[in-house]
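The values are calculated or read from the model by the stated rules, or taken from the named source; none is laboratory data. Just so it is clear, the model here is predicted, and its values are computed rather than measured. Positions of Cβ are backbone-derived with ideal geometry, glycine not excepted, and every protein chain shown enters the neighbour counts.
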Amino acid sequence: MNAELEKLFDALYSDNEAIAPAAFIKIVEKNLNILESEHIAEDLEKAWKILGDYAVYLYERGSYKNALPYLEKIIAEIEKKNNDPFENELFEELIFHRALANHHLKAKSKAKKDFKLLAQKFPENDVYRKWIKFYKSKIFRYFEIAFTILLAISITFSIILKPEDGIIDSIALYGAFISLFGGIISLILRKVITK
């Protein structure tokens, strides 16, 4: 048993009063050398708990970039040590916060992958399902924007061109109809998916 880690764990979790996130972060940052030491192999669970909570508090304070490496590290170690990493009570929360951090850092494909994993493992959890729906509906929003732009361009050309201008005016008119119907269909599909 690592005495320094034990002392740190007791200082962070044994008090009757919960430590404020800012104070927790300061204490952990002063003791990162203990937590990243190679001599904590027998107390991995405690080190993971401390570093996991540290990463979550960093995320909650808006420090997504600083939280992500710790989330990645602990997730990888839990996956390495467990056949089913979800048996570890920290794992779900760490995956969720990694997904959120990646979302905020614009790594959408990584975030989507984590949300899908969580939604598959916990299908009854509405939060995970809503995130999946959010990403699906976002595709249709892009289509709606594209059809709206096409509609505006088509209407503009229809107004500028005279009916006797022939094929270009016809293309603008057909473009307006296509974009109007495409936009409506995209809107309906987005509403159906997000229900």
The lone condition Leu151 fails out of (1) assigned by TED's automatic domain parsing to the domain that holds Leu58; (2) closer than 24 Å to Val192 by Cα is (1)
Please specify each residue of region 108-126 satisfying the condition of being among the small types (Gly, Ala, Ser) and either under 8 Å from the mean Cα position of the chain (by Cα) or outside the structural domain of Pro69 (by TED's automatic domain parsing) (or both). Ala111
Conditions (1) buried (at least 19 other Cβ atoms within 10 Å of the Cβ); (2) at pLDDT below 95; (3) not hydrophobic (A, V, I, L, M, F, W, C): number failed by His97: (2)
Residues located in region 93-119, provided they are assigned to a helix (DSSP H, G or I) and touching a residue at least 40 places away in the same chain (Cβ under 8 Å): Glu93, Leu94, His97, Leu100, Ala101, His104
Residues (of a type in the set (A, V, I, L, M) and modelled with pLDDT under 90) located in region 52-77: none
Take the residues of region 114-129 that are surrounded by 14 or more Cβ atoms within 10 Å (Cβ to Cβ) and not hydrophobic (A, V, I, L, M, F, W, C): which is nearest to Ala47 (Cα to Cα)? Asp114
In region 70-83, which residue that is farther than 15 Å from Glu93 by Cα and free of Cβ contacts under 8 Å to residues at least 12 places away in the same chain is surrounded by the fewest Cβ atoms within 10 Å (Cβ to Cβ)? Asn83
